[in-house]
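The numbers here are math on the coordinates, done by the rules we state, and not lab data. Just so it is clear, the structure is predicted and the values come from calculations on it, not from any experiment. Heads up, the Cβs are rebuilt from the backbone with ideal geometry, glycines too, and the neighbour counts pull from every protein chain shown.
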Amino acid sequence: MSDVPVDIDLYVNTSQQLSQAIEGLTEEDLRWKGTPTQWSVTEVLAHLVDHSIIVSFRIKEILSGSEVRLPSFKQDEWVASQKSNEGKASELLHIFGALLHYNSLLFRRLELEDWAKTAINAKGDVVTLSDIIHAFISHVQTHLSQIARIKNGVIGSVESSCVIGTTTKNS
């Protein structure tokens, strides 16, 4: 499996990276929001769980050869409507880790040609299974930076892909 185009351990390790990023934070710290329209650390974690669920679905669609366009989701609306900031970060991390573990078991069963299977994403671009996983790993890294900014009390960063408001982006 050395020819696998995705570092499966790096994928799985994103869970540990998130755990380390929030180590020592209190529930109050985890729920702190710089402004009402910015996400807290807990909301970032909830978003990453949602994103993992969507990515898991995308993986299955690609592997099945489905011709259906891969879904996006309204991340801000999902976070707000689930009252994500009332959740527990420890539970969110557990769910996130479990989803990654489950997917990693699948990844280890795949043949090299499976990684090259394609689908059409929500933007209309052709993407491979490998592309989806690389993008997921990168997405988590973006949110690790966001968590660091939140921990440091930095608000209004233009770099944040997940600021609630009129500039909402879908994942």
Could you list, in sequence order, all residues of the range 21-38 that are surrounded by fewer than 11 Cβ atoms within 10 Å (Cβ to Cβ), under 13 Å from ILE147 (Cβ atoms) and not acidic (Asp, Glu)? GLY24
Of those in the range 67-107 that are touching a strand residue (DSSP E or B) at 6+ places or on another chain (Cβ under 9 Å) and exposed (fewer than 14 other Cβ atoms within 10 Å of the Cβ), the residue farthest from LEU18 (Cα to Cα) is GLU67
Would you check if there is a residue in the range 40-51 being of a type in the set (Asp, Glu) and assigned to a helix (DSSP H, G or I)? yes
Out of all the residues in the range 8-35, which are touching a residue at least 24 places away in the same chain (Cβ under 8 Å) and assigned to a loop (DSSP other than H, G, I, E, B)? LEU25, TRP32, LYS33, GLY34, THR35
